[in-house]
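Comments concern the structure below.
Each value in this text was obtained by applying a stated rule to the coordinates, not by laboratory testing. As the structure is a prediction and not an experimental result, all values here were calculated from the model. Here the Cβ positions follow ideal geometry from the backbone for every residue, glycine too, while neighbour counts run over all protein chains shown.
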Amino acid sequence: MAGWATKNSLRTRKRIFRASLISLFLIFHISSCDKPPQTESDNLLSYLLKPSLAMYGDSVIAGWPIEKQLSEFNGIKFAFPVRNTHLILSSITSDHRRYDACLYEGGVNDFLNNYAPDPTEVDATIDRQIQGIQILQTRCTHVIALNIWNVKFPWPTLAAAMITAKMKERINFIPRIDTELLITDDMIPDGAHPNELGYEVLSKAVREQLKPFFPILYLNE
């Protein structure tokens, strides 16, 4: 009986030892999460820990260097130049995947060469924006929108201002980044599209909006 007790005690000590080793490994691994990936498995783990961010829009989204400026996220862009809200809505409707966060942008291309838009046309643009955003709400944990900044001629300046005003009035059911307060003339060299500084400002605004929802993003600070 004494021999059995000794063997049982030895097995217990071995189990405790193995459990301690596993705990130490996990503590070391977690404490190392803020270090640059060293191996393929580290890269995979880093990828899996990042929240997904899907971005829908026109050339503004298409030109956004998200791999560099929003590297905390696994970003994917559904955007091409000259896309109007009809095409943006179509891309949203045809994508059935789920994401941690989604961003909506667009509207100015509905009014290219239209310098005196009718208010009903602007309302129709906002209707399509809202329809797209509401679809995103069904499959994205968090949804945010960018309004339109103050573009310059030959871009449709009046339409941009009208869209922004209507977005503030009607798109108030999700977080909205009021970009006309952030983007200045020196950030849009062609009168509409952001340069690197402009994208840095936009990326910071997006990051500040989403970061509170994803504690994992704080680990690398």
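Overview of values
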| item | result |
| --- | --- |
| Gyration tensor verdict on the stretch 52-217 (Cα atoms; rounded if a/c is under 1.5, prolate if a/b is larger than b/c, oblate otherwise) | oblate |
| Lysine pairs meeting the criterion (Cα under 25 Å, 8 or more apart or interchain), as found in the stretch 71-221 | 9 |
| Inter-site label distance for Ser52 and Glu169 at 7 Å from Cα along Cβ, in nm | 3.6 |
| Cα gyration tensor shape for the stretch 132-218, rounded if a/c is under 1.5, else prolate or oblate | oblate |
| Under 5 Å, built H, 5+ apart or other chain: amide partners of Val143 | Cys102 |
| Separation of the Ala62 and Asp178 label points, Cα + 7 Å toward Cβ, nm | 3.0 |
| Cut-off 19 Å, label 7 Å out along Cα→Cβ of Glu121, residues of the stretch 143-178 by amide N | 148-167 |
| Taking only Cα atoms of the stretch 120-172, radius of gyration then Dmax in Å | 12.2, 38 |
| Unit charges at the beta carbon, dipole of the stretch 69-124: most positive-side option, Ser90, Ser71, Ala124 | Ser71 |
